[in-house]
Amino acid sequence: MRVIVTGAGGFVGREIVSQLFSRGNDVMALDRVLPGLPDGVEQVAGDLSDPAVRAEALANGCDAIIHLATVPGGAAEADPVASRRINVDAMYDFMLEAAEVASCPRFVYASSIAVYGDPFPDHVDDATPLSPKMIYGGHKAMMEDAVAMFSNRGLLDGVTVRLSGILARPKAPSGLKSAFMSNIFHALKANERFTCPVSAHGLIWAQSVACCARNFLHALDLDVTLLPPTRAVALPAQRIAMKALAEEIARQCGVSPELVNYVPDHALEVAFAAQPPLATPLADKAGFVHDGSLEALVTSALATLK
């Protein structure tokens with residue numbers, strides 16, 4: 001299978017490329033910067049908004065596209081123009097161009113739980129309406145509709161998956177307001193104190209990056225009749241209290257959970273640590289999964305720390 005991965009130099013992208021390539025796929029990686037990819041992976045370095053960059057990536061056609069490239073939440077809020085340029089305009093143009101060079105390729109789109117807005121409703125399931133508040137969530141919701149429209153027209157074969165917290169990202173500025181979910185791993189692994197910006201009882205939805213990547217690979221050959229007409233589902237995730245997460249990380253790292261103190265930021269808590277019960281029956285039926293247990297999630301996330 002020839003698969004183009006946009007945003008391939010990012011945290012999730014690198015894991016997806018690695019898993020794809022290890023399974024014998026022909027991978028074309030596209031991003032502005034492409035560090036640490038396996039030898040043999042084709043690479044195009046450049047900005048998705050550049051038509052020449054997109055043309056180079058599509059030059060040899062494709063069977064499928066995994067579209068991760070994005071201006072993430074906090075960065076999108078700070079620069080709405082950049083968010084529209086990449087998250088909306090460049091993606092729409094790329095979809096049009098992909099439809100011209102390939103015969104209805106599978107198009108797997110990384111959306112976000114930001115499409116539900118904040119504060120969250122009391123319960124989220126397959127029938128929950130989208131009501132984004134942030135620029136990022138609004139643009140993601142717009143492009144979910146575009147993926148469905150392109151699929152209905154027979155131009156692309158779309159699958160949209162909504163991501164929650166993916167753990168544990170590198171300890172570096174990422175533009176993600178949810179970075180605290182990953183930074184706690186780095187601090188406890190290094191036996192360092194950590195100030196958590198949400199409360200001990202704050203609840204997050206999460207899965208490990210390895211599990212997330214396996215879900216994207218599953219989406220490449222998924223029977224789309226198992227999806228709703230929107231072609232969009234939330235990925236299954238575990239609902240975890242921050243204190244329980246901290247205690248499990250500390251246990252596996254052999255350090256004290258007392259290294260963590262909690263100084264809640266109300267806005268952050270409402271947006272990222274007040275996740276209600278989540279039900280994903282359509283995604284479950286379609287074969288998407290979460291890590292299975294908190295212990296398994298933490299073990300997997302710790303294994304990916306850089």
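All of ALA206, ALA271 fail the test of being of a type outside the set (Lys, Arg) and part of a helix (DSSP H, G or I), apart from ALA271. With the structure loaded, tell me whether VAL71 is of a type in the set (Val, Ile, Thr), in contact (Cβ under 8 Å) with a residue 40 or more places away in the chain, part of a loop (DSSP other than H, G, I, E, B) and at negative phi or whether it fails that test. Answer is yes for this residue.
For the stretch 281-306, a residue qualifies if it is modelled with pLDDT of 95 or more, assigned to a loop (DSSP other than H, G, I, E, B) and open to solvent by less than 40 Å² (accessible area, probe 1.4 Å), and the qualifying residues are ALA286, GLY287, PHE288, ASP291. In summary, ARG54 fulfils each of the numbered conditions (1) closer than 30 Å to ASP118 by Cβ; (2) out of contact with any Cys (no Cβ under 9 Å at 6 or more places or on another chain); (3) part of a helix (DSSP H, G or I); (4) of a type outside the set (Val, Ile, Thr) with the single exception of condition (1).
Looking only at residues of the stretch 97-119 that are in contact with a Gly (Cβ under 8 Å, 6 or more places away or on another chain) and open to solvent by 30 Å² or more (accessible area, probe 1.4 Å), we find that the one that is farthest from ALA206 (Cα to Cα) is VAL101. Before we move on, is SER199 modelled with pLDDT of 95 or more, hydroxyl-bearing (Ser, Thr, Tyr), open to solvent by less than 20 Å² (accessible area, probe 1.4 Å) and in contact with a strand residue (DSSP E or B) (Cβ under 7 Å, 6 or more places away or on another chain)? So SER199 fits the description; yes. Within the stretch 1-15, if we keep just the residues that are assigned to a helix (DSSP H, G or I) and either open to solvent by 60 Å² or more (accessible area, probe 1.4 Å) or at pLDDT below 95 (or both), the residue that is nearest to ARG84 (Cα to Cα) turns out to be PHE11. Answer with yes or no whether THR128 is open to solvent by less than 60 Å² (accessible area, probe 1.4 Å), in contact with a Leu (Cβ under 9 Å, 6 or more places away or on another chain), of a type in the set (Ser, Thr, Tyr) and modelled with pLDDT of 95 or more. Spelling it out, it is not the case that THR128 is open to solvent by less than 60 Å² (accessible area, probe 1.4 Å), in contact with a Leu (Cβ under 9 Å, 6 or more places away or on another chain), of a type in the set (Ser, Thr, Tyr) and modelled with pLDDT of 95 or more. State whether the residues of the stretch 234-242 include one that is part of a helix (DSSP H, G or I) and farther than 21 Å from ALA110 by Cβ. The answer is yes, given that some residue of the stretch 234-242 is part of a helix (DSSP H, G or I) and farther than 21 Å from ALA110 by Cβ.
Only one residue in PHE185, PHE216, PHE180 is more than 16 Å from THR299 (Cβ to Cβ), of a type in the set (Phe, Trp, Tyr) and at pLDDT 95 or above, so which one is that?
Matching residue, one of PHE185, PHE216, PHE180: PHE216.
For the stretch 22-35, filtering for residues that are loosely packed, with under 10 Cβ neighbours inside 10 Å and under 8 Å from GLY9 (Cα atoms) leaves 2. Screening LEU34 with (1) over 16 Å from PHE216 (Cβ atoms); (2) touching a Cys at 6+ places or on another chain (Cβ under 8 Å) gives one miss only, at (2). If we scan the stretch 254-266, do we find a residue that is among the acidic types (Asp, Glu) and assigned to a loop (DSSP other than H, G, I, E, B)? Scanning the stretch 254-266 turns up at least one residue that is among the acidic types (Asp, Glu) and assigned to a loop (DSSP other than H, G, I, E, B).
The selection criterion, being in contact (Cβ under 8 Å) with a residue 12 or more places away in the chain, farther than 24 Å from ALA301 by Cβ and part of a helix (DSSP H, G or I), holds for ALA146. Of the set (1) touching a Phe, Trp or Tyr at 6+ places or on another chain (Cβ under 8 Å); (2) at pLDDT 95 or above; (3) assigned to a helix (DSSP H, G or I); (4) of a type outside the set (Val, Ile, Thr), all apply to LEU48 but (3). Within the stretch 58-90, being among the aliphatic types (A, V, I, L, M), closer than 16 Å to SER103 by Cα and open to solvent by less than 60 Å² (accessible area, probe 1.4 Å) holds for LEU58, ALA64, ILE65, ILE66. Just the residues that are open to solvent by less than 60 Å² (accessible area, probe 1.4 Å), within 15 Å of VAL209 (Cα to Cα) and under 14 Å from the mean Cα position of the chain (by Cα), please, taken from the stretch 143-173. Across the stretch 143-173, the qualifying residues are VAL161, ARG162, LEU163, SER164, GLY165, ILE166, LEU167, ALA168.
Within the stretch 16-45, restricting attention to residues that are polar (S, T, N, Q) and either touching a Ser or Thr at 6+ places or on another chain (Cβ under 7 Å) or not in a helix (DSSP H, G or I) (or both), which residue is nearest to MET1 (Cα to Cα)? Across the stretch 16-45, the extreme among qualifying residues is ASN25.
The values are calculated or read from the model by the stated rules, or taken from the named source; none is laboratory data. No experiment lies behind these values; they were computed from the predicted model shown. Glycine gets a Cβ as well: all are built from the backbone with ideal geometry, and neighbour counts include every protein chain shown. Protein only, heavy atoms only, side chains kept; ligands, DNA and RNA dropped before computing areas. Shrake-Rupley method; radii C 1.70, N 1.55, O 1.52, S 1.80 Å.
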